[in-house]
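Below is one structure; the comments refer to it alone.
Any read-out appearing in this document is the output of simple, stated calculations on the displayed coordinates, not a laboratory observation. Keep in mind that what you see is a predicted model, and the values were worked out from it rather than measured. Here the Cβ positions follow ideal geometry from the backbone for every residue, glycine too, while neighbour counts run over all protein chains shown.
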Amino acid sequence: MKLPVKLPETLPLFPIDGALLLPRGRLPLQVFEPRFLAMVDDCLKTDDRMIGLIQTEKGKGETTYQNVGCAGRIVGFSETADGRYMITLSGVSRYRPLDFRESFKPYLVTTPSWTGFERDVAGPEHDPEFPRDDFIPLLQKYFHMQELETDWENLSGAEDELLINSLSMLCPFEPEEKQALLEAADLKTRRETLQALMEMAIHAGSQKEQIQ
């Protein structure tokens, strides 16, 4: 299948746990480690300006990485007075890292496989079975429990993908839960995963209140 956009054959890797980037999503990041400052400098010199976000796997001793990450294009950049970079990534496509290579650069690079993620660059997804009338009350309970605020009018009227993916990226889930949302096969599966995570959090919160 011919992809509608040209994707790079090599990606610099930015390991970061607990942060989720999805296709067409926007993620602001603060960069301060020297090796990743160098990575951003190098990335800005390329035509695609793309970085591969990836999470680490826990409990395996030495550092290992998840099997799926998401590549994002730098679409916003500023530098603070103390030398930190404030960047914004726009999600392009998920990928599978085929290797983890060191070179003369201070950061890892990978050969990404884009196979299986062709849908990511084909335009916005829809969830025709989205039970919005049930989803919004559940979301309100979850936000109340987490003491989060939002513009409910705009949120309730958002397009399926924007609503589901934005919530997946912004809600304070654990890294393993973020990874499950990233790896969801389609928007419907991601929405079902998101619902399940919110329901579990609400249940856990109710149990904690009862104990106290």
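Data for the structure
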{"read-out": "Region 11-121, relative contact order in percent, only Cα pairs under 8 angstrom and at least six apart counted", "value": "31"}
{"read-out": "In order through region 112-125: 3J(HN,Hα) via Karplus (6.51 cos²θ - 1.76 cosθ + 1.60), integer Hz, x for Gly, Pro", "value": "x, 9, 9, 5, x, 10, 4, 5, 4, 9, 9, x, x, 8"}
{"read-out": "Calculated from backbone phi, Karplus (6.51, -1.76, 1.60) coupling profile of region 16-23 in Hz, x at Gly/Pro", "value": "8, 8, x, 10, 10, 10, 10, x"}
{"read-out": "For Y65, residues with placed amide H under 5 Å, excluding near neighbours", "value": "E57"}
{"read-out": "D82/D42 FRET efficiency (R0 22 Å; Cβ-Cβ; nearest 0.05)", "value": "0.55"}
{"read-out": "Long-range HN-HN contacts of D48 with modeled amide H, under 5 Å", "value": "none"}
{"read-out": "Sequence-distant residues sharing a close amide H with V92 (under 5 Å, placed H)", "value": "R24, A71, G72, R73"}
{"read-out": "Bins of 5 Å, starting at 0 and running to the largest distance - Cα pair percent for region 11-121", "value": "2, 12, 22, 26, 21, 11, 5, 1, 0"}
{"read-out": "Mean residue ellipticity (222 nm) of the chain, computed from DSSP H runs ≥ 4 via -39,500 (n - 2.57), nearest 500", "value": "-11500 deg cm²/dmol"}
{"read-out": "Reduced Cα scattering model of the chain, Debye log10 I(q)/I(0), q = 0.10, 0.15, 0.16, 0.17 Å⁻¹", "value": "-0.48, -1.02, -1.13, -1.23"}
{"read-out": "Label-point separation in nm, K6 to E147, each point 7 Å along Cα→Cβ", "value": "5.0"}
{"read-out": "Rounded to 10°, Cα long-axis angle of helix 160-170 versus longest principal axis of the chain", "value": "80"}
{"read-out": "Of D99, D186, D47, the one that fluctuates the most in a GNM where the chain has Cα springs shorter than 10 Å", "value": "D47"}
{"read-out": "Relative contact order computed over region 132-211 (Cα-Cα under 8 Å; 6+ residues apart), in percent", "value": "40"}
{"read-out": "Between 0 and 90°, nearest 10: helix 132-146 axis offset from the chain longest Cα axis", "value": "80"}
{"read-out": "Degrees between helix 34-44 axis and first principal axis of the chain (Cα, 0 to 90, nearest 10)", "value": "80"}
{"read-out": "Difference of contour (0.36 nm per residue) and Cα-Cα distance, V68 to K105", "value": "11.1 nm"}
